[in-house]
1. Within the chain, which is the longest segment that contains none of the trypsin sites (Lys or Arg not before Pro) sitting in a DSSP loop with at most 16 other Cβ atoms within 10 Å?
2. Could you let me know the centre-to-centre spacing of region 108-138 and region 237-298, using Cα atoms, in angstrom?
3. State the extension gain, in nm to one decimal, for the chain segment bounded by A284 and N69, taking 0.36 nm per residue of separation less the distance between their alpha-carbons.
4. Could you work out how far helix 18-34 tilts from the main Cα principal axis of the chain, as a 0 to 90 degree angle to the nearest 10?
5. If a/c stays under 1.5 just call it rounded; otherwise compare a/b with b/c (prolate if a/b is bigger, oblate if not). Do that for region 208-298, with a ≥ b ≥ c from the square roots of the Cα gyration tensor eigenvalues.
6. Top mean-square fluctuation among A255, A123, A284, Gaussian network model of the chain, C-alpha springs under 10 Å?
7. If each DSSP helix of 4+ residues adds -39,500 (n - 2.57) and the sum is divided by the residues in the chain, what number results at 222 nm, nearest 500 deg cm²/dmol?
8. State the extension gain, in nm to one decimal, for the chain segment bounded by Q207 and L135, taking 0.36 nm per residue of separation less the distance between their alpha-carbons.
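Every read-out reported here was derived from the displayed coordinates using simple, explicitly stated rules and does not represent laboratory data. Everything quoted here is computed from the prediction, not taken from an experiment. Here the Cβ positions follow ideal geometry from the backbone for every residue, glycine too, while neighbour counts run over all protein chains shown.
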Amino acid sequence: MLKFGTLLGMIWIMILPVAALAQLRVDDGMAALDAGDTDSALAILIPLAERGDSAAQYNLGVLALNGMNGLSPSQALGWLEQAAQSGHAAAQMLLADQLVDRQEWADAAQWYEQAAMSGKLPAQFMLATLHDRKLTDRASPAKAAHWYEQAARQGHVGAQFALGALLAEQGAAAEAALWFERAALQGDLAAQFNLAAALASGDGVAQDLPAARGWYLRAARAGFAPAMHNLALMQARGHGGRQSYRSAYAWALNAANSGHDSADDLVAALAEAMAPQLRAQAEALAPDCLNTEQDICD
């Protein structure tokens, strides 16, 4: 004969929590959607969303943004806001993105902040950006720096570059260079350029002309026109490595062809110092410079 306590234990084990059951139903709805059965998906998700399930609300918001089965973007904002108010971080992030598109900066900042505090890296970056660009009613450089740093320390390359730029504007050149270097190592071309400029000038960091030239070369090979221009200058002057007018002229031509504003003046200045035959060689060489691993591409 079963004891009463044992029977209760058996019943308790068989009952799933309400939240788990709701999640299973959301999963069923998404499975139906993946199978192309949007009617069944909506038949599952809409009642759940109306009963306050934040996952269902979020997914309906995503579907509405894509115009699925006659759902409209206005409905999307409603579902996303309900999910966001329940603490759904992805809904907070997506809702904020939509509000940015509508230039509703203050409301966007509010939802980015909620998502940022939940650890969403893109939200941290976007919140910092709104403060940095003074797009919120209470824009704060300190908050911009704080949220950039939160994201930067977790490897967000855009935040690393932006934090470096913010610190450079504030005169903290050495600290700025550290963040530029982190972003540069992740392949950010503007960070590579800014790091090279800091190393070339020695502004707040130890001057290192060979390293500066190396970073300019890395960004130049990736197609960053300002780096092509500055690399050409360093090669023409022999700063940080061997001097070569031919290689400098080739890089200056690449910068000009890439639309860099000052490159035409540099091309003209170098042309005056070079024999026609040498210029012709450099012109033929210019396309190959983009593919070489060498500092001097002649």
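1. In short, 154-241.
2. So the separation of the two Cα centres works out to 43 Å.
3. 71.7 nm
4. Once rounded, the angle reads 60 degrees.
5. rounded
6. The residue that fluctuates most here is A284.
7. So the helix-based figure for the chain works out to -23000 deg cm²/dmol.
8. 22.3 nm
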